[in-house]
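The values are calculated or read from the model by the stated rules, or taken from the named source; none is laboratory data. Since we're looking at a predicted model, the values are computed, not measured. Virtual Cβ from ideal backbone geometry, glycine too; neighbours counted across all protein chains shown. Only protein heavy atoms, including side chains, enter the accessible area calculation; ligands, DNA and RNA are left aside. Shrake-Rupley method; radii C 1.70, N 1.55, O 1.52, S 1.80 Å.
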Amino acid sequence: MRDASPKAGGRATAVRFALMAVPLAFFGLFFAYPVAAIVGRGLKTDEGWQFGRIGEVLARPDIAGVLWFTTWQAFASTVLTLLVALPGAYVFARLEFPGKQLLRALVTVPFVLPTVVVGSAFLALVGRGGLLDELWGVRLDTTVWAILLAHVFFNYAVVVRTVGGLWAQLDPRQEEAARVLGAGRFAAWRRVTLPALGPAVAAASLMVFLFTFTSFGVVQILGGPSYSTLEVEVYRQTAQLLDLPTAAVLTMVQFAAVGLILAVHARTVRRREGALRLVDPAQTAHRPRGRSQRILLGGVLLSVALLIVAPLAVLVERSFDAPGGYGLGFYRALQDAGAGGGTFLVPPLEAIWNSLQYALAATAIALFVGGLAAAALTRRGGSFVRGFDALLMLPLGVSAVTVGFGFLITLDEPPLDLRTSWILVPLAQALVGVPFVVRTMLPVLRAVDGRLREAAAVLGASPLRAWREVDLPLVRRALLIAAGFAFAVSLGEFGATVFIARPDHPTLPVAVARLLGRAGEMNYGQAMALSTILMLVCAVSLLLLERLRPATTSGEF
Amino acid sequence: MTLLRLDGVSVRFGDRAVVDAVDLEVAEHEIVCVLGPSGSGKSTLLRVVAGLQPVSAGRVLLGDADQAAVPVHRRGVGLMFQDHQLFPHRDVGGNVAFGLRMRGASGGSSAARVEELLELVGLPGAGRRAVASLSGGEQQRVALARALAPSPRLLMLDEPLGQLDRGLRERLVVELRSLFSRLGTTVLAVTHDQGEAFALADRVVVMRDGRIAQAGTPLEVWQRPASEFVARFLGFENVVPATVSGGAAATPWGKVPVPAGAPEGERRLLIRPVGVRLEAAGTDGLSCEVASRTFRGTHVALLLRPGAGPVLEAECSLAGAPAVGDRVRVSFTPSEVVVLPDGP
């Protein structure tokens, strides 16, 4: 029911702005300001703004090549991911088979794995001395295929969760109604189910495109010198060539592209929130019937085994493949600061505790900021609210490298001198956690029927009490799931952390990257061992999440 | 004594007045039913009284106290929502106890009260059941128990029986009526079902487009609809323009006798179906062809097509009911003819 009096409308707006204040301040201070500062430093000289540089940089053939590669590999990765993952979405949504819960958690593991780990897992599979190299002498790490396959590996879960989540809840009776009206099996699917899934497929595609367009760790490790995305190029220009103007221009290009993708995404999400008949997923799944469904199930299981299980398995195998035979040699070496040949000031194993502490702090920040943002967005509003919605997604796509470097050059003077503070790392990690919190909480918060709150009020509950008695119990599970995702992505954050983590306080992904960057079997093996530990931490937290998966909501990730 | 008074209450959404200058009084222990088609503003009226809907104009008084500054949770009224709105995360007992807890009742005393109420609504021992496991009728009972638990001074019911099937509805309406009179509850209910309203209420208020079209006892409203709208809403179709003078009315169906003392002039006229009498063949009267015949259990409903004028509804007993296509002659019983008071 709309508010009839302008006074009540004004109050609602005031509440919304109050809820938005903290997220806005957070993003302004820890996102917009550092990014703007980097861009400013790159484009502003003593003679004022040098916008001419934008044209100059974009005209360079090497930069044009980077732009072209970034775009087409993102497009190819998206198409490939859809081809592989859509049958998977169906199987996970509609078929019942033993081990489904475990497998669903397993395919989600890659998504929360640090990109560095994904890169090293594929290196172990298709790289020099990798499994395929040993078996058949096949090496893909110098080709674009390694990147594309790693992207499929990484984004499989996005499609399965976004599309499959909705698919599981579509009322099968809709299709049955079409069948009764004379549509064939395929026609019923095409005319009833596909249109209902369309927006979810579009949303998933855009998310995959966004993630692959801004891919960093995977391309950094698998791309070698020949393939470079915008994000990798930003890192190269910033950290290696110290060419800030070029990095600034590239950051802006990426920003514009990401903004465009997010705008399209916001449109499709809005369409998705249309009136679909949703039912309990438990009612729609059944055991495979007939040959075609069994073949489909088999095919999906095989593709999961080859694309997702194999890289992870090889990674684990390599971590035990110590020089003196299989054993815990690499793991033992992690306890020793000197083992890396002076790579570390502290034993690499300490990175685990650093990572856990940082990730916990980042999760708390992300829950607080994201929770407030989600509460503000729950109340549907005008274009300002939608803009705010899109703004929250930006950190997912804006160069993490830029953010990390921006932190270093902006948060280093009073009143905000955080250079030596441990909070710097969790703040940067929370930036990528917030979008996940908002995306997970929002559908659940919006699904809470306002009249339940009214029923509580009529029965004597004050507004605060009604929130505590009605909203909180209903969203508690979503809150836990959001926390889990925020925790996992914080744990895996690399692009920004690599700049700001102190040398004596490395996080797991930073330690892995540092080990991979050094030659020698010992370093490689330790990287694999650390990656395995990181993967286990992520997998365990995901398995816990899987138990909490709400029955009736379709989160986006 | 008046418990609830609405004083010129209006609710506007933009330019549209959903509730338009409504005056209404509900006395203590009275059961008042607001009757109207969907979109007539009756649910909004309940939301106004509960404080869920701010008013654009007018006053709401409960026990002579203006409620403008009183928030929803302090009004001490009960509201049973149309689709019940039971809390899905609490069991039946948790739902019924909710209002008691909000008023600071201790666990022990509220447990006894919950059991007492579940017994009252015919669900003894259901306290531990999950809300999702309840049938529609059981949900309705739990919603009622939940609304009654804190002993609200005014109980409001929004389409209380709307989602139930017919048999259950007829049984529950009788149960509700005897329950409320036993408890002495003051009730303000809204419904679009006239049968429900007439069976439940001491007084019926018919609403149309946010205004009150008629108020009175069920008998008054049934016998003397205040307008063509009310008459048609109650299900009467025999309404025609008429010129009334000297104890008879000139209508498209010919001359129709009217009750003594009926207002004269250009009017609209209602003839209740029971007032359309079938005459023996050969007598004079309006000649009609039987267009359809519907068996209604206790009687037969006929649709008659006269030579001139609109189709006429009639009722007759099963014995001697004419067949479709038969020609019959009809006359009209003056006591079943109503000259509607709102002019042409």
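Of the residues in the stretch B:86-95, how many are open to solvent by less than 10 Å² (accessible area, probe 1.4 Å) and either more than 10 Å from chain A (Cβ to nearest Cβ) or at pLDDT below 85 (or both)? Final tally of qualifying residues: 1. Taking the criterion of being open to solvent by 60 Å² or more (accessible area, probe 1.4 Å) and within 13 Å of chain A (Cβ to nearest Cβ), the only residue of the stretch B:107-139 that qualifies is B:132.
Here is a yes/no grid of residues against (1) surrounded by fewer than 22 Cβ atoms within 10 Å (Cβ to Cβ); (2) over 22 Å from residue B:4 (Cα atoms); (3) not assigned by the TED database to the domain that holds residue B:267:
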site: B:149; (1), (2), (3): no, no, yes
site: B:167; (1), (2), (3): yes, yes, yes
site: B:180; (1), (2), (3): yes, no, yes
site: B:194; (1), (2), (3): yes, yes, yes
site: B:206; (1), (2), (3): no, no, yes
site: B:215; (1), (2), (3): yes, no, yes
site: B:225; (1), (2), (3): no, yes, yes
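Any chance you could count how many residues in the stretch A:176-209 are surrounded by 18 or more Cβ atoms within 10 Å (Cβ to Cβ) and under 20 Å from residue A:290 (Cα atoms)? Adding up the residues that qualify gives 1. If a residue must be in contact with a Pro (Cβ under 7 Å, 6 or more places away or on another chain) and in a loop (DSSP other than H, G, I, E, B), how many such residues does the stretch B:311-344 contain? Summing the residues that are in contact with a Pro (Cβ under 7 Å, 6 or more places away or on another chain) and in a loop (DSSP other than H, G, I, E, B) in the stretch B:311-344 gives 2. Suppose we keep only residues that are in a helix (DSSP H, G or I) and open to solvent by 80 Å² or more (accessible area, probe 1.4 Å) within the stretch A:231-254. Which one would you say is modelled with the highest pLDDT? Among them, the one singled out is A:236.
Pick from B:314, B:281, B:319, B:262: which is under 23 Å from residue B:232 (Cα atoms), at pLDDT below 85 and of a type in the set (Gly, Ala, Ser)? Break it down into steps so the answer makes sense when it comes.
Details: B:314 fails: at pLDDT below 85; B:281 fails: under 23 Å from residue B:232 (Cα atoms); B:319 fails: under 23 Å from residue B:232 (Cα atoms).
The match here is B:262.
Going by the conditions given, is residue A:31 at pLDDT 80 or above and outside any helix (DSSP H, G or I)? Answer is no for this residue. Checking each residue in the stretch B:100-112 for being in a helix (DSSP H, G or I) and farther than 19 Å from residue B:131 by Cβ picks out B:107, B:108, B:109, B:112.
From the list B:172, B:157, B:188, the lone residue that is open to solvent by less than 10 Å² (accessible area, probe 1.4 Å), at negative phi and part of a helix (DSSP H, G or I) is B:172. Going by the structure shown, is residue A:519 over 30 Å from residue B:47 (Cα atoms) and crowded, with 24+ Cβ neighbours inside 10 Å? The answer is no for residue A:519. Of the helices (runs of 4 or more DSSP H) entirely within the stretch A:462-534, those holding at least 3 residues that are over 23 Å from residue A:323 (Cβ atoms) and over 17 Å from the mean Cα position of the chain (by Cα) occupy A:463-466, A:472-492, A:497-500.
Looking across the stretch B:48-59, the residues that are more than 7 Å from chain A (Cβ to nearest Cβ) and either buried (at least 21 other Cβ atoms within 10 Å of the Cβ) or free of Cβ contacts under 8 Å to residues at least 12 places away in the same chain (or both) come down to B:48, B:49, B:51, B:55. In the set B:153, B:129, only one residue is touching a helix residue (DSSP H, G or I) at 6+ places or on another chain (Cβ under 7 Å) and basic (Lys, Arg); that residue is B:129.
Each row is one residue, and each column tells you yes or no for (1) surrounded by 22 or more Cβ atoms within 10 Å (Cβ to Cβ); (2) away from chain B (no Cβ under 11 Å).
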| position | (1), (2) |
| --- | --- |
| A:412 | no, yes |
| A:442 | yes, yes |
| A:458 | yes, no |
| A:463 | no, no |
| A:468 | no, yes |
| A:473 | no, no |
| A:486 | yes, yes |
| A:491 | yes, yes |
| A:497 | yes, yes |
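Every condition in (1) in contact with a helix residue (DSSP H, G or I) (Cβ under 9 Å, 6 or more places away or on another chain); (2) open to solvent by 20 Å² or more (accessible area, probe 1.4 Å); (3) not charged (D, E, K, R) is met by residue B:104 except one, and the failing one is (1).
For the stretch B:212-220, does any single residue satisfy the condition of being closer than 29 Å to residue B:274 by Cβ, modelled with pLDDT of 85 or more, in contact with a Cys (Cβ under 9 Å, 6 or more places away or on another chain) and not in a loop (DSSP other than H, G, I, E, B)?
Residues of the stretch B:212-220 closer than 29 Å to residue B:274 by Cβ: B:212-220.
Within this subset, residues satisfying the condition of being modelled with pLDDT of 85 or more are B:212-220.
Filter again for in contact with a Cys (Cβ under 9 Å, 6 or more places away or on another chain), leaving B:218.
Narrowing further to those that are not in a loop (DSSP other than H, G, I, E, B): B:218.
Yes, the conditions are met somewhere in the stretch B:212-220.
Would you check which residues across the stretch B:239-282 are in a loop (DSSP other than H, G, I, E, B) and among the aliphatic types (A, V, I, L, M) and list them? Those that are in a loop (DSSP other than H, G, I, E, B) and among the aliphatic types (A, V, I, L, M): B:258, B:260, B:262, B:280, B:281. Going residue by residue through the stretch B:67-85, is there one that turns out to be over 20 Å from residue B:210 (Cβ atoms), in contact with a Gly (Cβ under 9 Å, 6 or more places away or on another chain), more than 14 Å from every other protein chain (Cβ to nearest Cβ) and buried (at least 22 other Cβ atoms within 10 Å of the Cβ)? Checked the stretch B:67-85: no residue is over 20 Å from residue B:210 (Cβ atoms), in contact with a Gly (Cβ under 9 Å, 6 or more places away or on another chain), more than 14 Å from every other protein chain (Cβ to nearest Cβ) and buried (at least 22 other Cβ atoms within 10 Å of the Cβ). Among the residues of the stretch A:159-175, which ones are over 16 Å from residue A:443 (Cβ atoms) and out of contact with any Lys or Arg (no Cβ under 7 Å at 6 or more places or on another chain)? A:159, A:160, A:172, A:173, A:175 - these are the residues of the stretch A:159-175 that are over 16 Å from residue A:443 (Cβ atoms) and out of contact with any Lys or Arg (no Cβ under 7 Å at 6 or more places or on another chain).
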